[in-house]
1. Quick one: if you stick a label point 7 Å off each Cα along the C-beta vector at residue 84 and residue 50, how many nm between them?
2. Search the structure for amide H atoms under 5 Å from the amide H of residue 20, placed 1.01 Å from N in the peptide plane, and list their residues when 5 or more places away or on another chain.
3. In nm, what is the difference between 0.36 nm times the number of residues separating residue 111 and residue 64 and their Cα-Cα distance?
4. Quick one: length gained pulling residue 97 to residue 31 fully straight, 0.36 nm per residue minus the C-alpha distance?
5. How charged is the neighbourhood of residue 103? Take every other residue with its Cβ under 14 Å from the Cβ of residue 103, and add Lys/Arg as +1 and Asp/Glu as -1.
6. For a protection proxy built on the mean count of beta-carbon atoms within 10 angstrom, sort 69-76, 57-64 highest first, please.
Amino acid sequence: MKALPWAGGPLTISTVQPHSRVLQAPETLGLETREPFRQQANALLDEMGEGRGQLVVDLGATREIDSSGLSALVMVHRHAVERRQQVVLKNVGPEIEFLLVLTKLDDLFLFSDD
């Protein structure tokens, strides 16, 4: 696991399996953090072969997501779909889950609690 510095704190990634990557989302996923988050997520998707792989976005430490953060998640999802890959949201707290349901984005993603 390695930590990358960026606005909002370190960005942590890890390789779990050959066709799976885990990205720790920042505490606040918003205007200042959306672009580095999106770039890192897309880079991790690109590391895996097209048609294979999943990106697990761990939201366990994330306390706040604004419209820019939601947009970043949608853009990452679109990139994954273009590559025939999946995005899984892990450790989604009740407030973020409510936001995803309210904005009808919950249907885009797979969810995991492990």
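1. Between residue 84 and residue 50, the simple spin-label model gives 0.9 nm.
2. 54
3. Using 0.36 nm per residue and subtracting the Cα-Cα distance, I get 15.1 nm.
4. Numbers: separation 66, 0.36 × 66 = 23.76 nm, distance 1.96 nm.
Difference between extended and current length: 21.8 nm.
5. On the way: positive: 104; negative: 66, 95, 97, 106, 107.
Once positives and negatives cancel, what remains is -4.
6. Working: 69-76: 19.8, 57-64: 17.5.
My ranking of the peptides, most packed first, is 69-76, 57-64.
Read-outs: derived from the displayed coordinates by stated rules, not from any lab. Please read all numbers here as calculations on a predicted model, not as lab measurements. Virtual Cβ from ideal backbone geometry, glycine too; neighbours counted across all protein chains shown.
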